[in-house]
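Following: one structure in structure tokens, then a few remarks.
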Amino acid sequence: MNTAQPIRVMIVDDHAMVRKGLIAFLKNEPTLELVGEARDGREAIESCERLQPDVILMDLIMPELGGVAATRTIHQRWPSVQVIALTSFQEKELVQDAFQAGAMGYLLKNVSGDELAEAIRQAHGGRPTLAPEAVQALIQPPSEAESLAADLTRREQEVLALLVKGMSNPEIAAHLVISRSTVKVHISSILSKLGVASRGEAISLAIQNKLVR
């Protein structure tokens, strides 16, 4: 006879139908126990403090407070609580952000019930689970622009970010407390490394390829 305590699971998703489906799934799993649900990241944090779940199934794109930010806060406050990102999105940046925030797993919402149950058990034991699509996203080679941007120094990245914000050379110089001539040198180097001819092209390239935050 198995006397192990069921794994306490909390669901976080802004779509009621998704939560209902997950609730029905959990009720049919004797090794798993639903302890609560939340509609966004803010509710998730409040509920986590009160319910102390073992594992959280966390949607990532939600109003109020998204899943990545909520995961980061929960991981910092309650490191023993494991978070599985359960989402419809598989973009490389989102996968990276989720794991950097402390997620233990990353699954897409088309996952089967058996796979989800096993992922919850794995997360509870401290073992990560990734959807094949998430693995594929992570191993995608960087774009040509990302490769070029990797050659920028930290200061050049700062200057590029300020260019994207629309600052002029004098404004950049004042903001970074450097001379205007130094700003010109940095911009010239940025244009050369990115393979563009003007600051406008550099700004466009940076925005299109999300080279700066």
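Convex hull volume of the Cα atoms in the stretch 146-186, per residue, in Å³? Write down the numbers at each step before the final one.
Numbers: hull volume 2.5 nm³, N = 41.
Spelled out: Cα convex hull of the stretch 146-186, divided by residues, is 61 Å³.
Calculate the spin-label point distance for Lys165 paired with Ser147, positioning each point 7 Å from the Cα along the beta-carbon direction, and give it in nanometres.
Placing both labels 7 Å along Cα→Cβ, they lie 3.1 nm apart.
Which aspartates and glutamates have a Cα less than 18 Å from the Cα of Lys193, not counting those fewer than 8 places away in the same chain?
Glu144, Glu146, Asp151, Glu156, Glu158, Glu201
Set the Förster distance to 41 Å, then compute FRET efficiency between Arg127 and Asn209 from the Cβ-Cβ distance, nearest 0.05.
Values: r = 34 Å, r/R0 = 0.83.
Once the sixth-power term is evaluated, E becomes 0.75.
Does the stretch 56-128 classify as rounded, prolate or oblate by the C-alpha gyration tensor (a ≥ b ≥ c root eigenvalues; a/c under 1.5 gives rounded; else a/b over b/c gives prolate, otherwise oblate)? Could the numbers behind the result be given before it?
On the way: a/c = 1.73, a/b = 1.12, b/c = 1.55.
The shape class here is oblate.
Just to be sure I understand: with springs between alpha-carbon atoms less than 10 Å apart, which residue in Glu156, Glu64, Glu115 has the highest mean-square fluctuation in the Gaussian network model of the chain?
Largest GNM mean-square fluctuation: Glu156.
Please give the direction-averaged projected area of the C-alpha convex hull for the chain, in square nanometres with one decimal.
On the way: hull surface 56.3 nm².
Taking the Cα atoms of the chain, their convex hull projects to 14.1 nm² on average.
Compute the length gained on full extension between His15 and Leu191: take 0.36 nm times their separation in residues and subtract their Cα-Cα distance, giving the result in nm to one decimal. Could the numbers behind the result be given before it?
Values: separation 176, 0.36 × 176 = 63.36 nm, distance 4.49 nm.
Taking 0.36 nm per residue and subtracting the Cα distance, the gain is 58.9 nm.
Among Ile11, Ile61, Ala123, whose Cα projects farthest towards the positive end of the dipole of the chain, with charges put on the beta-carbon of Lys, Arg (+1) and Asp, Glu (-1)?
Of the listed residues, the answer is Ile61.
Taking only C-alpha pairs under 8 Å that are 6+ residues apart, what is the relative contact order of the chain in percent? Walk me through the numbers on the way to the answer.
Working: 306 pairs, mean separation 28.6, N = 213.
Once divided by the residue count of the chain, the mean separation gives 13 percent.
So how strong a dipole does the chain carry about its Cα centre when Lys and Arg Cβ are +1 and Asp and Glu Cβ are -1, to the nearest 20 debye? Don't jump to the answer; show the numbers that get you there.
On the way: 22 positive and 26 negative charges, 130 e Å.
It comes to approximately 620 debye.
When the label point is put 7 Å from the Cα of Arg155 along its Cα-to-beta-carbon vector, which residues of the stretch 182-198 have a backbone N closer than 20 Å?
It comes to 182-195, nothing else.
Any idea how far apart Val111 and Glu93 come out in nm if each label point goes 7 Å out from Cα toward Cβ?
Here the modelled spin labels are 2.4 nm apart.
Name the long-range amide H neighbours of Leu65: under 5 Å, sequence gap of 5 or more, or other chain; modelled H, no Pro or chain starts.
Answer set, sorted by chain and number: Gly41, Arg42.
Any read-out appearing in this document is the output of simple, stated calculations on the displayed coordinates, not a laboratory observation. Bear in mind the structure is a predicted one, so any value in this text is a computation, not a measurement. In this analysis, Cβ positions are derived from the backbone assuming ideal geometry, glycine residues included, and neighbour counts consider all displayed protein chains.
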